[in-house]
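The values are calculated or read from the model by the stated rules, or taken from the named source; none is laboratory data. Fair warning: this is a prediction, and the values are worked out from it, not measured in the lab. For neighbour counting, all protein chains shown are included, and Cβ atoms are generated from backbone atoms with ideal geometry for every residue, glycine included.
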Protein chains: 2
Amino acid sequence: MKGKIFIIEDEASIVQLVQHNLEKEGFVVSSSLNGNEGLKELKKFEPNLLLLDWMLPDLSGIDICKNIRRDSNFKNLPIIMLTAKGEEEDKVKGLESGVDDYVTKPFSFNELSARIKAVLRRSDPKVVANELTFEDLKLDRIEKRVFRADKEIQLGPTEFRLLEFFLTNPKRVYSRDQILETVWPNNVNVESRTIDVHIRRLRQSINIEGKKDLIRTVRASGYSLI
Amino acid sequence: MKGKIFIIEDEASIVQLVQHNLEKEGFVVSSSLNGNEGLKELKKFEPNLLLLDWMLPDLSGIDICKNIRRDSNFKNLPIIMLTAKGEEEDKVKGLESGVDDYVTKPFSFNELSARIKAVLRRSDPKVVANELTFEDLKLDRIEKRVFRADKEIQLGPTEFRLLEFFLTNPKRVYSRDQILETVWPNNVNVESRTIDVHIRRLRQSINIEGKKDLIRTVRASGYSLI
DNA sequence: TTAATTTGTAATATTTCTGTAACATTAAAA
DNA sequence: TTTTAATGTTACAGAAATATTACAAATTAA
């Protein structure tokens, strides 16, 4: 079962892009272009998550947040705020007023989608898929287990996240930088070659008993899951 | 296995109270604030029991009841009706239209919970077990007893709640924060490392005589019941 | 009240994980 | 073939996370 997402955002082009893509992913989406109306509609709609623009013509994001958190029925509604580049201060205020995550405009839909799922996974796991599979590889996000050909495999936390990352987009090649950005906690600085070592560790763990190597090295580009 | 309960009730505050508490008891709960939509969602959700408000803005409880009883898939769905004080006549009508029990508002959650269990025990005994089990572990919520391999085990109150929590969702990994939120009384502030100590105490108690450890440590994530 | 049990924390021990550097190997370019 | 660049492999020290222990404060039972 996929969840319901409500969008409050005044740039129609963004709403359109996001709404369309989320619906393609199976979410039920409703939206409003302004704050006051949005609040009312939202409460009727009862979403599992709210995407909230921080700079609205009528109401500020903070006001909306406060209103929502005050309403006992929506106290726990996960909120992701959309903020324009550089409004660092807003991020702080946002996180203080109980926002769950934020995405800086301009953003790629993939980035937004990943954050939505991460937030939902925490707050409302049943609305989001928990098993990732590829060929005979299976990763369970809830139980934090990995299997290859039905045999359980032990992975360290970083290898787990790395595999999780590859599994969300099999076959796609990622550069070391992209991997770093996504798999490592923000503002951590690690040598890009470090990834090679983790790739090796991951390979060693998942390529059991003569099973073929599921990780492909793409010289000068990066790595991918086959 | 705990059952699924659907709620059709237009007072959001009641829905929230009931839903939250039922979920805490391990039921899977879904709800709707109005009759027509509720009927549709209910049929998708396939609950083991329905809590039905008798006075809805759009459809009357009777109509919903009739609709349900006419549908061969839900002919036997147990229904508990929620009725406002003094509407004696409704009770009669309700029982006539095949309601299994009724609860008069305002009600305490405990009262409702007891009735739900009573009705389920009659109609679908396997969903109400007051006993939670996992492998050779057994916990009786009523008698507050715990057994491993049929030998009784003494647990302190906190260890009991902790084990109870794990047993409602075996295999699932919980972070220390999640454990804290659920197992500890609200607004108590305890160090997150404290959980490690309680985990140890729990382990020490339930892993008797060389029996395997039933609690799994998942580095960087938390703990789970195997 | 006293005794017994339970609880949270801090201190210490242990285990596991991580990042890096150094060296080896492989593939591409010259 | 030789050279060069990129990736593979290994070992290891420091870091991080968890396990264990002991103890004092708080709670409950006797």
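Of note:
- Wholly within the stretch B:1-66, strands (runs of 3 or more DSSP E) carrying at least 1 residues that are among the β-branched types (V, I, T) and either within 16 Å of B:I79 (Cα to Cα) or assigned by TED's automatic domain parsing to the domain that holds B:D101 (or both): B:4-8, B:28-32
- Scoring A:K126 on the criteria (1) assigned to a strand (DSSP E or B); (2) within 13 Å of chain B (Cβ to nearest Cβ); (3) more than 17 Å from A:I199 (Cα to Cα) leaves a single failure, condition (1).
- Candidate set: the stretch A:104-123, residues that are among the small types (G, A, S) and not in a loop (DSSP other than H, G, I, E, B); chosen: the one farthest from the chain's Cα centre (by Cα): A:S123
- Contact map, the stretch B:150-161: first residue away from every other protein chain (no Cβ under 14 Å) and within 15 Å of B:I195 (Cβ to Cβ), second residue within 11 Å of DNA strand C (Cβ to nearest atom) and not in a loop (DSSP other than H, G, I, E, B), Cβ cut-off under 8 Å, separation 6 or more or different chains; pairs are B:G156/B:R201; B:T158/B:V183; B:T158/B:H198; B:E159/B:H198; B:E159/B:R201; B:E159/B:L202; B:E159/B:S205; B:R161/B:V183.
- Matching residues in the stretch B:184-210 - criterion: being hydrophobic (A, V, I, L, M, F, W, C) and within 9 Å of DNA strand C (Cβ to nearest atom): B:W184, B:V188, B:V190, B:I195, B:V197
Residues checked against (1) within 13 Å of chain B (Cβ to nearest Cβ); (2) more than 16 Å from DNA strand D (Cβ to nearest atom); (3) in contact with a helix residue (DSSP H, G or I) (Cβ under 8 Å, 6 or more places away or on another chain):
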site: A:K105; (1), (2), (3): no, yes, yes
site: A:K144; (1), (2), (3): yes, no, yes
site: A:N169; (1), (2), (3): no, yes, no
site: A:Y174; (1), (2), (3): no, no, yes
site: A:L180; (1), (2), (3): no, no, yes
site: A:T194; (1), (2), (3): no, no, no
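- Candidates B:I226, B:I206: the one that is more than 8 Å from DNA strand D (Cβ to nearest atom), surrounded by 15 or more Cβ atoms within 10 Å (Cβ to Cβ) and touching a residue at least 24 places away in the same chain (Cβ under 8 Å) is B:I206.
- Residue satisfying all of: in the stretch A:169-183; more than 18 Å from A:D213 (Cα to Cα) and in contact (Cβ under 8 Å) with a residue 12 or more places away in the chain; surrounded by the fewest Cβ atoms within 10 Å (Cβ to Cβ) among these: A:D177
- Residue list for the stretch A:62-80, restricted to those being within 22 Å of the chain's Cα centre (by Cα) and more than 14 Å from chain B (Cβ to nearest Cβ): A:C65, A:P78, A:I79, A:I80
- Total residues in the stretch B:211-226, condition more than 10 Å from DNA strand C (Cβ to nearest atom), in a loop (DSSP other than H, G, I, E, B) and within 14 Å of another protein chain (Cβ to nearest Cβ): 2
- Residues located in the stretch B:18-29, provided they are surrounded by 15 or more Cβ atoms within 10 Å (Cβ to Cβ) and more than 9 Å from chain A (Cβ to nearest Cβ): B:V18, B:Q19, B:N21, B:L22, B:E25, B:G26, B:F27, B:V29
- Subset of the stretch A:183-206 (residues that are modelled with pLDDT under 90 and either polar (S, T, N, Q) or not in a loop (DSSP other than H, G, I, E, B) (or both)): A:N186, A:N187, A:N189
- Any hit, the stretch A:155-164, residues being modelled with pLDDT of 90 or more, among the small types (G, A, S), in contact with a strand residue (DSSP E or B) (Cβ under 7 Å, 6 or more places away or on another chain) and not in a strand (DSSP E or B): no
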